[in-house]
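Structure record follows, encoded as structure tokens.
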Amino acid sequence: LYTVAVSVFYGYEGEYRMRVTTASPPWQMEREYNDAVTSAWALSVGPGGPGRQVAQVAGYLAGNDGGDIYRLGALGEGSTINLSLAQPASSGLSANLTIYDGTGAPVATGAPGAASLSYGIGAGAGGTYFAGVSALPGTEGLQSQYLLSFVLIEATDTAGPSITAVSLGNEGSINNGVVGQFTVEFSEDME
């Protein structure tokens, strides 16, 4: 049983429209505000077979939505990111798929309206990556729903992850203070 309440918004008393979307696991529901890499929502990624990680998310692009960006995690070099987009027949969305690196720079952009995008992470390019979905002009709106699937095909990793940063200071340095906690960053996500 679901209940929806409608109330006056700052004196506006005109027509309103609504859509209710539900999704069953493994589908995740998009959460706003996720319009930039700094506010990207981290997808819950799970195993998808040997050497694969997968995630699936349902979202929509409203008329004033600049796009949706999802954090894929710290990914190792030699891995391949695969994105695929589907949508219900009622959706008028024509979307662009983009893959961003940790600085927010686009490293791969799909053709306008293309339903898939693939990107291989080159040597020395391991790090944090993001996936973006944006609407072509005039195709965003209340019915502009999408289903985004992410598949990471991991490279054969014989070296394992490396430490990229430690909050205690540089290697060999001396810290005379009392340390209650510290952080360690790795070149790829740890299980």
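The values are calculated or read from the model by the stated rules, or taken from the named source; none is laboratory data. Just so we're clear, the structure is a prediction, and the values are computed from it rather than from any experiment. So basically every Cβ, Gly included, is an ideal-geometry build from the backbone, and we count neighbours across all protein chains shown. Areas reflect the complete protein model, heavy atoms only, side chains present, ligands, DNA and RNA absent. Shrake-Rupley method; radii C 1.70, N 1.55, O 1.52, S 1.80 Å.
Sorted largest first by accessible area at a 1.4 angstrom probe radius, with every protein chain in place, the residues VAL4, VAL54 fall in the order VAL4, VAL54. Electrostatic bookkeeping for SER134 treats Lys and Arg as +1 and Asp and Glu as -1; over the other residues with beta carbon under 12 Å from its beta carbon, the sum is -4. Close amide H pairs (under 5 Å, H built 1.01 Å from N) link PHE186 with THR164, residues at least 5 positions away or on another chain. Suppose R0 equals 22 Å. What FRET efficiency, 1/(1 + (r/R0)^6) with r the Cβ-Cβ distance, do LEU136 and ALA89 give to the nearest 0.05? After rounding, the FRET efficiency stands at 0.75. What region 77-191 shows is 57 Å² of accessible area per residue, with the surface traced by a 1.4 Å probe over protein heavy atoms. I need the shape label for region 100-174. Rule: rounded when a/c is under 1.5, else prolate if a/b > b/c, else oblate, with a, b, c from the alpha carbon gyration tensor. Cα axes put region 100-174 in the prolate bin.
At 0.36 nm per residue, minus the direct Cα-Cα distance, what do SER167 and THR103 gain on full extension? Give it in nm, one decimal, please.
21.0 nm is the gain from fully extending SER167 to THR103.
Ligands, DNA and RNA left out, the accessible area of region 75-147 computed with a 1.4 Å probe is 54% carbon and sulfur. Using R0 = 30 Å, the C-beta based FRET efficiency linking GLN181 and THR38 works out to 0.80. Of all segments of the chain bounded by chymotrypsin sites (Phe, Trp or Tyr not before Pro) found in a DSSP loop with no more than 15 other C-beta atoms within 10 Å, the longest spans 34-181.
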